[in-house]
2 protein chains.
Amino acid sequence: MLTDRSGILEDMARPVPETHQEILAAAARRFAVTGYKGTSLQDIAREVGCSKATVLYHFANKEALLGELMAPAIAVLEALDARIAAHRGGAAQRVAAEGFVDLAVRFRREIALLRGEFPDLLQQPAFAHVQQISERLIDAFAGQSDRPSARIAALVVLAGIAETCAEFIAIPDEELRPALLAVVQRALEPAT
Amino acid sequence: MLTDRSGILEDMARPVPETHQEILAAAARRFAVTGYKGTSLQDIAREVGCSKATVLYHFANKEALLGELMAPAIAVLEALDARIAAHRGGAAQRVAAEGFVDLAVRFRREIALLRGEFPDLLQQPAFAHVQQISERLIDAFAGQSDRPSARIAALVVLAGIAETCAEFIAIPDEELRPALLAVVQRALEPAT
DNA sequence: AATCGGTCTGACCGATCGGTCAGGTGCTGA
DNA sequence: TCAGCACCTGACCGATCGGTCAGACCGATT
């Protein structure tokens, strides 16, 4: 039933009107500055230059907006989770460290907009398994050890990386990533 | 400050009515769970068992409540800042590391209720110099180095400690503190 | 010319926010 | 007995929140 209403876009690259993307970009910008709860739909609409009703025409609700914004990062996080599981018992710690640093550097903006609202937002169904994944990440960082000191070190590193990436939004990737990898290798006990 | 409303309280055991303290305790409990912005004066009043107007009778406004709640932690933080400045050039890094771990462990609850709202709350006049202090803390952790890798490592450790303390609210101090000190010593490069 | 669907909007909704205010209550000192 | 004060409250305020809805606009199809 779909009439591709301009024969020119055979390349199927435009299933979504540009306003949709503009709203997404504006929301990312605002969320990164004032947080999810701290940003109103009005704020986003003002930044786009449209009405609040338009925002809610393109997205079912505020939560759906956040979900679409976080989807790529979550997909990569899930892929990392699978890769860690595949190395269980072997080089899981190294895979987790390198993979998470990569992810954190790449999705700095997404991490920044979750800052501090992580606990609240994890309750939402869209992020249901993210919590489990982060627990498995801590396991991997701790070298699958149950020793409290290992788990504490793992959480320090994990949370520290996330916060640091959110803070250094301007620094180039090539500078941030090796510095993070270095501190991670130093901080994590060799799995005992 | 409260008006000492009669010269008779020589015994200085009751300078503040008990409701005041109950509100303070209830606010600390709620803030730690749902955050500052996420907790309404209604929530606090409900937990105390009084009306919202009573909360605002004892505290000028919500910000004043938070200020009184954070005052002890901030006082200790300022003392640490002074101690670090005194060791400038010498053992500043060690003083900063041990002092901050102590502080973070001791004021876990206070740190937890700032979770993620740190950037917003630092704007408020009550926390004006806290921002400068935390920058000096990073300086000390980085061994006064300007190298980006040193500053990144410092921020990872600082933020990681804070987040970890906020997360492990149940674990006993004797277990948390040495584990944190160990990971800090490992993670921080010897000042080069 | 008529219609139709995608896009967009102003007006509006109920809920909740932090905060104000006039007044009630009960103890205390004169 | 009575004035004064600390304490507490319900009612109320303006602002803002996320979200709904009826309808305006407009290019494409018939």
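The values are calculated or read from the model by the stated rules, or taken from the named source; none is laboratory data. Quick caveat: nothing in here was measured; it's all calculated off a predicted structure. Reconstructed Cβ throughout: ideal geometry from the backbone, glycine too, with neighbour counts over all protein chains shown.
Determine, yes or no, whether A:ASP139 is free of Cβ contacts under 8 Å to residues at least 40 places away in the same chain and not in a helix (DSSP H, G or I).
Values: free of Cβ contacts under 8 Å to residues at least 40 places away in the same chain: yes; not in a helix (DSSP H, G or I): no.
Taking the combined requirement at face value, the residue does not satisfy it.
Restricting to the range A:153-176, name every residue that is in a helix (DSSP H, G or I), in contact with a Lys or Arg (Cβ under 9 Å, 6 or more places away or on another chain) and in contact (Cβ under 8 Å) with a residue 60 or more places away in the chain.
Within the range A:153-176, A:CYS165, A:ASP173, A:LEU176 qualify.
Across the range A:123-134, what is the number of residues that are within 13 Å of chain B (Cβ to nearest Cβ), in a helix (DSSP H, G or I) and either of a type outside the set (Gly, Ala, Ser) or more than 24 Å from B:ALA179 (Cβ to Cβ) (or both)? Reasoning before the result, please.
Here is the first cut: in the range A:123-134, the ones within 13 Å of chain B (Cβ to nearest Cβ) are A:123, A:131, A:134.
Applying the additional criterion that residues be in a helix (DSSP H, G or I) yields A:131, A:134.
When the remaining residues are screened for being either of a type outside the set (Gly, Ala, Ser) or more than 24 Å from B:ALA179 (Cβ to Cβ) (or both), the result is A:131.
Residues that pass the stated criteria total 1.
For the range B:135-192, enumerate the residues that are of a type in the set (Asp, Glu) and either more than 9 Å from chain A (Cβ to nearest Cβ) or under 16 Å from A:ALA159 (Cβ atoms) (or both). Show your work before the answer.
Narrowing the range B:135-192 to residues of a type in the set (Asp, Glu): B:135, B:139, B:146, B:163, B:167, B:173-175, B:189.
If the condition is that a residue be of a type in the set (Asp, Glu) and either more than 9 Å from chain A (Cβ to nearest Cβ) or under 16 Å from A:ALA159 (Cβ atoms) (or both), then B:GLU135, B:ASP139, B:ASP146, B:GLU163, B:GLU167, B:ASP173, B:GLU174 are the ones that fit.
Just checking, how many residues over the range B:56-77 are of a type in the set (A, V, I, L, M, F, W, C) and not in a helix (DSSP H, G or I)? Step through it out loud before you land on a result.
Here is the first cut: in the range B:56-77, the ones of a type in the set (A, V, I, L, M, F, W, C) are B:56, B:59-60, B:64-66, B:69-71, B:73-77.
This time we only want the ones that are not in a helix (DSSP H, G or I), so: B:59-60.
Count: 2.
For the range A:28-51, which positions are over 17 Å from A:GLU63 (Cβ atoms) and either over 18 Å from the mean Cα position of the chain (by Cα) or away from every other protein chain (no Cβ under 14 Å) (or both)?
If the condition is that a residue be over 17 Å from A:GLU63 (Cβ atoms) and either over 18 Å from the mean Cα position of the chain (by Cα) or away from every other protein chain (no Cβ under 14 Å) (or both), then A:ARG29, A:ARG46, A:GLU47, A:VAL48, A:GLY49, A:CYS50, A:SER51 are the ones that fit.
Quick one: which residue in B:VAL95, B:VAL101 is at pLDDT 95 or above, on the phi < 0 side of the Ramachandran plot, in contact with a Lys or Arg (Cβ under 7 Å, 6 or more places away or on another chain) and surrounded by fewer than 19 Cβ atoms within 10 Å (Cβ to Cβ)? Break it down stepwise before answering.
Details: B:VAL101 fails: surrounded by fewer than 19 Cβ atoms within 10 Å (Cβ to Cβ).
Checking each option against the conditions leaves just B:VAL95.
Can you pull out every residue in the range A:27-55 that is in a helix (DSSP H, G or I), more than 7 Å from DNA strand D (Cβ to nearest atom) and not hydrophobic (A, V, I, L, M, F, W, C)?
Let us first name the residues in the range A:27-55 that are in a helix (DSSP H, G or I), namely A:27-34, A:41-48, A:52-55.
Then keep just the ones that are more than 7 Å from DNA strand D (Cβ to nearest atom); that gives A:27-34, A:44-48, A:54-55.
Residues satisfying the conditions are A:ARG29, A:ARG30, A:THR34, A:ARG46, A:GLU47, A:THR54.
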